[in-house]
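Step one of this worksheet: look at the structure below.
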Amino acid sequence: MKVSIITSCFNRVATIRGAIESVLAQDYNNIEFIVVDGASTDGSLEIIREYEDRISTIISEPDHGMYEAINKGIRVATGDVIGLLHSDDFFYDNGVISRIVEHMKTTRADFLYGDGLFVNPDNTDKVVRNWIGGDYRLWKVRHGWLPLHPTCYIRREVMMRLGLYNESYKIAADSELLVRYLMTGGLSVTYLKEYVVRMRMGGLSTDSAKRKKMWGEDIRVYSSHGLWPTLTKLEKMAWKVPQFVLALLKG
């Protein structure tokens, strides 16, 4: 099983090397690694080029945001399964992809998700949120729950059939895709009860300055899928409370 991993990047000179090396350190030997850079000007591209003999595809050109970049990567991907590793993030350990592949083969799932850790950007050993995905239930999706996006691995043929990220969303395109796939896709979904990724706090959806825009986009997502938008958004927020409690306990 070939796994395509897509990393999008724009001016992430401080973290892109760590993300790249996290992919290259995986012990699974059938990875197609695609890096899509939005014409960075801070030295990120120079770091990416240092690894060009070990990266399957490098795209560097201006774009209109992360989701356009990810869609570019998906369109050139040839793997059986597609996953993402954002430029601020890194895998939990070197065996993550091997365990994902084993679990997807065993369950024959279309869609896999796991657990993840949000960490302090300056001290990545300090856990801020401990995201335990829990078992999949459709009723949970209808009440605001979604798996952690960077832990999701989806068969390429599913993405080609159900459509890519809706680029009209600037922050919530990942939520829209997950709601669309899980509510209407008729997919076989499996939960890998293991940590997949460490994510630095401060990304698009965790930056406090972006929360107002995210609220509006989430309302739009839920409205477009026939859910009670404000109630579902509040339920989505409620699902996050245990994550902070677990992080405190873990600390």
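The values are calculated or read from the model by the stated rules, or taken from the named source; none is laboratory data. All values reported here derive from a predicted model rather than from experimental measurement. Every residue, glycine as well, gets a Cβ built from its backbone with ideal geometry; the counts of neighbours run over all protein chains shown. Only protein heavy atoms, including side chains, enter the accessible area calculation; ligands, DNA and RNA are left aside. Shrake-Rupley method; radii C 1.70, N 1.55, O 1.52, S 1.80 Å.
A compact table of results
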{"read-out": "Top positive-direction residue, dipole computed over segment 1-247 with Cβ charges, set VAL245, HIS143, LEU177", "value": "HIS143"}
{"read-out": "Contact order normalised by residue count of segment 119-251, Cα under 8 Å, 6+ apart, percent", "value": "40 percent"}
{"read-out": "For segment 108-122, Karplus couplings with θ = phi - 60° (6.51, -1.76, 1.60), whole Hz, Gly/Pro x", "value": "6, 6, 7, 9, 10, 9, x, 9, x, 10, 8, 10, 5, x, 9"}
{"read-out": "Cα-based equivalent ellipsoid, segment 1-147: semi-axes from gyration tensor eigenvalues, Å", "value": "25, 19, 16"}
{"read-out": "Carbon and sulfur %, accessible surface of segment 154-200 computed with the full protein complex present, 1.4 Å", "value": "46 percent"}
{"read-out": "Bridge type composition, the chain - antiparallel percent by DSSP, nearest 5", "value": "35 percent"}
{"read-out": "The chain: calculated mean residue ellipticity at 222 nm from DSSP helix runs of at least 4, using -39500 (n - 2.57)", "value": "-12000 deg cm²/dmol"}
{"read-out": "The chain: radius of gyration over Cα atoms, expressed as a fraction of 2.2 N^0.38 Å", "value": "0.95"}
{"read-out": "Relative contact order %, the chain, counting alpha carbon pairs below 8 Å whose residues are six or more apart", "value": "22 percent"}
{"read-out": "Assigned charges on the beta-carbon of Lys, Arg, Asp, Glu; the chain dipole about Cα centre (debye)", "value": "1060 debye"}
{"read-out": "log₁₀ of I(q)/I(0) at q = 0.09, 0.12, 0.24 Å⁻¹ - segment 151-251, Debye sum with one point per alpha carbon", "value": "-0.27, -0.49, -1.48"}
{"read-out": "Derived scalar couplings ³J(HN,Hα) [segment 57-65; Karplus, 6.51 cos²θ - 1.76 cosθ + 1.60; whole Hz; x for Gly, Pro]", "value": "9, 10, 10, 9, 6, x, 9, 9, x"}
{"read-out": "Degrees, to the nearest 10: 229-250 long Cα axis against longest axis of the chain", "value": "60 degrees"}
{"read-out": "GNM top mover of LEU177, LEU84, LEU234 - the chain, alpha-carbon springs below 10 Å", "value": "LEU234"}
